[in-house]
Structures are given as C-alpha cells and as structure tokens.
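K.L.:
I am attaching a structure below and will ask some questions about it afterwards.
The values are calculated or read from the model by the stated rules, or taken from the named source; none is laboratory data. Predicted, not measured: the structure shown is a model, and the values here were computed from it. Note that each Cβ is placed from the backbone with ideal geometry, even for glycine, and that neighbours are counted across all protein chains shown. For accessibility, only protein heavy atoms count, side chains too; no ligands or nucleic acids. Shrake-Rupley method; radii C 1.70, N 1.55, O 1.52, S 1.80 Å.
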Amino acid sequence: MLREIRPAIVFIIALTLITGLVYPLAITGLAGVIFPYQAQGSLVEKDGKVVGSALIGQEFTSDKYFHGRLSATTAPDPADSTKTIPAPYNAANSGGSNLGPTNKALVDRVQGDVDKLKQENPSAAVPIDLVTTSASGLDPEISPAAALFQVPRIAKARNMPEDRVRALVDEHTEGRALGFLGEPRVNVLALNLALDRVTAR
C-alpha cells in the first residue's frame, strides 16, 4: 500500500513546489525584467514622489481638474464594523454597486448627477461615463467625450483658453489597442498632471 501512496505524495509535493513556488517566482522575475514599469504597479511620479498608478483611478473634486468616472467602492465604517461607507477607488474592495437599471436609488442618483453636470455645460450632452460607475470601481480612464465635456469648467477655473485645454485632451487621448480593441480613452491622472505642468509655466 505504501508503494502506491508514495508516488502520489511525491507527485503532490513536486506539483506544489513547481506551481506554487517555482513558476510564480520565475514569472514575477521575468515580468520585472521585461516590463519593469508594469511589474511595479505602473506607478506615476511627480517631483520624485509617487502620486498614483496609471491603472487605478483617483477622486478629483476640484473644478480645476478633470473628474474621473464615478466609483461605487466602499470600506468598513470605522464607527460600526457591520456597515460600509463610500470609499471611491478603494483597490482593496473592487466592485460595482450592483444596482439594476430600474432601481429607484440608481435612477435618482444618475438624474441628479445629469442635472448637476448640465449646469456646468448646458450646451452639451452629458456623456454616460460621467454619471455611471464602472464594474470595478477603479477605472482610471474616461472617454474623450467625457473629458471634452469638462473643458469649459476647467478653462474657467484655471483662466485658460478652452482651445488649449481641448488640445491637452487630444494629446492625451489613446486610441484603440492594436487599432481595433476597446474604445479611445483618456487617463485622468496623466491628463491632470499635464494640466498642472502647463499652468505652472
């Protein structure tokens, strides 16, 4: 009986070492050599300090900055651990709100956001990604239409010509991957950093 069990035990130990230790370490090391920026979290620096990641959105609330897609992520309530509180772009709790399109709370919230944005730019249609959350709650990008919608507010807040702000959006618009995958997009953090560089001159 031991003769039958021993190969099974050796096989399990060998597979555990190969797939649980050797393979992950080899892939991690290889990724660090071939893609060092991505392997370290695609961290973005400003003046030598890490200010975020190109892969995780941030909450920008000032009128002087482009705002990203809404986030429905939450965190435990410090006052009551049985409850949660909103914590936008919480990478430890990625997820959407899971509210359906007929949910009254969602409909009311979206309508309120649309009304508020219409006051900001009454002549333009409100892009859908400015009033809806992504499935992950961590989306670092918005559509070019969502960025262009915000141009008048930012130009006014920074006392800049709208054409200059619009040109920044165009410069930071990424096309479809390989020319056909996904949609054109704008990384909000990269765009806001470029905006700071332009106005700091």
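K.L.:
Taking the Cα centre of each part, how many Å lie between segment 97-169 and segment 12-82?
P.N.:
25 Å
K.L.:
May I ask you to evaluate 6.51 cos²θ - 1.76 cosθ + 1.60, the Karplus curve with θ = phi - 60°, for each residue of segment 104-114 and list the ³J(HN,Hα) values in order in whole Hz, giving x for glycine and proline?
P.N.:
4, 4, 5, 4, 5, 5, 5, 4, x, 5, 4
K.L.:
Hey, another quick one. Run lengths n ≥ 4 of DSSP H only: what is the helix-derived mean residue ellipticity at 222 nm for the chain, with -39500 (n - 2.57) per run over all residues, to the nearest 500? Numbers along the way, then the final one.
P.N.:
Details: 8 runs with 86 residues, N = 201.
That calculation yields -13000 deg cm²/dmol at 222 nm.
K.L.:
Roughly how tilted is helix 2-17, in degrees to the nearest 10 and between 0 and 90, from the longest Cα axis of the chain?
P.N.:
That helix lies at roughly 30 degrees to the long axis.
K.L.:
So, one more: Please give, to one decimal in nm, the separation of the simple spin-label points placed at residue 104 and residue 91, each 7 Å out from Cα toward the Cβ.
P.N.:
Modelled inter-label distance: 3.9 nm.
K.L.:
Could I get the Rg over Rh figure for segment 18-104? Both from C-alpha atoms, Rh via Kirkwood, rounded to two places.
P.N.:
Working: Rg = 18.2 Å, Rh = 16.5 Å.
When Rh is taken as the Kirkwood radius, the ratio is 1.10.
K.L.:
I've got another one for you. Roughly what percent of Cα-Cα pairs across the chain reach past 31 Å? Working shown, then result.
P.N.:
Numbers: 7377 of 20100 pairs.
So the portion of pairs separated by more than 31 Å is 37 percent.
K.L.:
With a ≥ b ≥ c taken as the square roots of the eigenvalues of the C-alpha gyration tensor of segment 86-178, please select rounded if a/c is under 1.5 and otherwise prolate if a/b is larger than b/c or oblate if it is not? The partial results should precede the final answer.
P.N.:
Details: a/c = 2.15, a/b = 1.40, b/c = 1.54.
Oblate is the answer for segment 86-178, as a/c is 1.5 or above yet b/c matches or exceeds a/b.
K.L.:
Using per-residue counts of other Cβ atoms within 10 Å, averaged over each peptide, order 32-45, 106-119, 54-67 from highest down.
P.N.:
Numbers: 32-45: 12.0, 106-119: 13.6, 54-67: 17.1.
Averaged packing, sorted descending, gives the order 54-67, 106-119, 32-45.
K.L.:
For residue 35 paired with residue 82, estimate the spin-label separation in nm (one decimal), with each label point 7 Å from Cα along the Cα-to-Cβ line.
P.N.:
That separation, rounded to one decimal, is 4.4 nm.
K.L.:
If you roll a 1.4 Å probe over the chain with all protein chains in place, what percent of the accessible area is carbon or sulfur?
P.N.:
Working: 8000 of 13010 Å².
So the carbon and sulfur contribution to the accessible surface is 62 percent.
K.L.:
Just to confirm the number: angle between the C-alpha axis of helix 23-34 and the first principal axis of the chain, 0 to 90 degrees, nearest 10?
P.N.:
The two axes meet at around 40 degrees.
K.L.:
With r defined as the distance between the Cβ atoms of residue 21 and residue 75 and R0 fixed at 30 Å, what FRET efficiency is calculated, to the nearest 0.05? Write out the running numbers ahead of the final one.
P.N.:
Values: r = 33 Å, r/R0 = 1.10.
Efficiency, rounded to the nearest 0.05: 0.35.
K.L.:
Further question on the same structure: If you take every residue apart from residue 174 with its C-beta less than 13 Å away from the C-beta of residue 174, what net charge results, scoring Lys and Arg +1 and Asp and Glu -1? Write out the running numbers ahead of the final one.
P.N.:
Working: positive: 176, 185; negative: 141, 170, 171, 183.
Net of charged neighbours comes to -2.
K.L.:
Placing unit charges on C-beta atoms (Lys and Arg positive, Asp and Glu negative, everything else neutral), compute the dipole magnitude of the chain about its Cα centre in debye, rounded to 20. All intermediate terms of the calculation are to be shown ahead of the outcome.
P.N.:
On the way: 20 positive and 21 negative charges, 37 e Å.
Charge dipole of the chain: 180 debye, to the nearest 20.
K.L.:
Looking at segment 42-201, what % of its DSSP beta bridges pair antiparallel, to the nearest 5? Could you put the intermediate results ahead of the total?
P.N.:
Working: 14 of 15 bridges.
So the antiparallel bridges in segment 42-201 amount to around 95 percent.
K.L.:
Shifting gears a bit: Net charge within 13 Å of residue 146 by Cβ-Cβ distance, Lys/Arg positive one each and Asp/Glu negative one each, not counting residue 146 itself?
P.N.:
Working: positive: 69, 153, 185; negative: 113, 120, 129, 139, 141, 183.
Neighbourhood net charge equals -3.
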